[in-house]
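The values are calculated or read from the model by the stated rules, or taken from the named source; none is laboratory data. This structure is a prediction, so every number in the text was calculated from the model and none was measured. Methodologically, a virtual Cβ is constructed for each residue, glycine included, from the backbone with ideal geometry; neighbour enumeration extends over all protein chains shown.
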Amino acid sequence: MQPSDIINDSTQYFVRKGNDMSRLSKKRKQFIIMSLFIPVALLIAFVVFPAIDLFRMSFTNWDGYSQNSSFIWFENYISMFKNKDLWLSLRNNAVYFFVHLLMIFVELAFAVLLTSKLRAAKFYKTMVFMPYIINGVAISYAFSYFFSPVNGAFNAILSSVHLESLIRNWLSDEKIVNFVLSFVSLWRFSGYHIILFMAALQSIPQDTMEAAQVDGANTWQLFKYIQIPAIMLMVDFVLFDNIRGALQVFDIPFVMTAGGPGYASSTFTLYTIKTAFTFSNFGLAATMAVAIMFMIVLIYIVQNKIIHGLILKEGRK
């Protein structure tokens with residue numbers, strides 16, 4: 001075989017190889033496009049278009065059933081900012097936010113405890129996560145009976161331990177009703193956050209932990225210098241979930257108090273739904289929905305700047 005034949009064969013081989021790689025790359029791109037087509041189409045159909053229509057609706061005075069609606073431009077936004085009951089509802093949302101925010105430290109501590117060599121850890125994990133998988137309406141009804149002033153279990157427990165002075169109308173006292181509802185919300189959602197923190201902690205390489213222990217790091221130093229920086233992205237997600245959940249809380253106050261007494265336990269979402277379906281003012285309700293989306297995005301951007309721009313950046317140094 002002549003050297004020229006060898007060169008030609010090698011050239012043809014690499015050409016065929018290049019063509020095969022090119023075809024493989026094209027098929028891969030086609031597969032990715034086909035795989036994304038349905039999710040993107042559903043996202044556009046059920047998220048993007050409704051969001052655009054919601055924004056358009058916020059400039060109208062539509063009552064929800066008439067065929068026609070008229071544009072009133074920014075009157076709904078002006079009315080929303082002047083609505084004192086809506087601001088009270090937003091203040092109630094802040095109670096949920098801060099109660100859950102303070103609970104994050106406890107949830108993280110529980111997650112660290114459950115990832116350690118704890119006896120019957122699997123049983124505790126199941127019990128912690130169980131409230132999250134129970135229907136929210138069922139939980140709300142159960143706690144409504146638990147805190148009921150008439151034969152309620154909680155008041156009966158206080159009576160049995162001779163603490164009658166602490167007995168209250170837990171769901172009708174304006175000063176404490178939001179804290180009671182926040183407690184129910186904590187009972188339901190804390191287990192979910194604990195499981196998320198546990199998943200993040202278990203993803204930390206054991207070699208890193210063992211090396212730190214060999215170097216003499218104690219439990220607090222492991223937690224502060226290794227575990228916390230390693231799970232900071234999960235903390236970021238839990239904080240965002242806290243923001244979103246606090247602003248969108250609905251089922252617990254709706255079932256347990258219907259936002260009462262008055263608007264003392266109403267929330268932003270509950271007030272929005274009442275505006276739409278009770279007062280037939282879908283234009284103003286759409287304005288409130290746009291506002292809550294804007295608040296969630298704005299708060300998340302600020303939070304993201306703080307965590308990624310300051311905390312994580314400082315950690316890399």
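Some observations on this one:
- Filter result for A41 (within 29 Å of the chain's Cα centre (by Cα), assigned to a helix (DSSP H, G or I), of a type in the set (A, V, I, L, M, F, W, C) and over 22 Å from S280 (Cα atoms)): yes
- Across segment 270-306, the qualifying residues are those that are within 23 Å of the chain's Cα centre (by Cα) and free of Cβ contacts under 8 Å to residues at least 12 places away in the same chain, and the one among them that is farthest from L239 (Cα to Cα) is F294.
- Residue that is surrounded by the most Cβ atoms within 10 Å (Cβ to Cβ) [pool: residues in segment 129-158 that are part of a loop (DSSP other than H, G, I, E, B) and in contact (Cβ under 8 Å) with a residue 24 or more places away in the chain]: F147
- Look at segment 255-269: where a residue is over 12 Å from L86 (Cα atoms) and a partner is surrounded by fewer than 19 Cβ atoms within 10 Å (Cβ to Cβ) and of a type outside the set (S, T, N, Q), sitting 6+ places away or on another chain with Cβ atoms under 7 Å, you get V255/V137; V255/Y141; P261/E174.
- Residue, farthest from S266 (Cα to Cα), within segment 206-252, restricted to residues that are outside any helix (DSSP H, G or I) and aliphatic (A, V, I, L, M): A217
- The one condition in (1) at pLDDT 85 or above; (2) within 31 Å of the chain's Cα centre (by Cα) that G64 fails to fulfil: (1)
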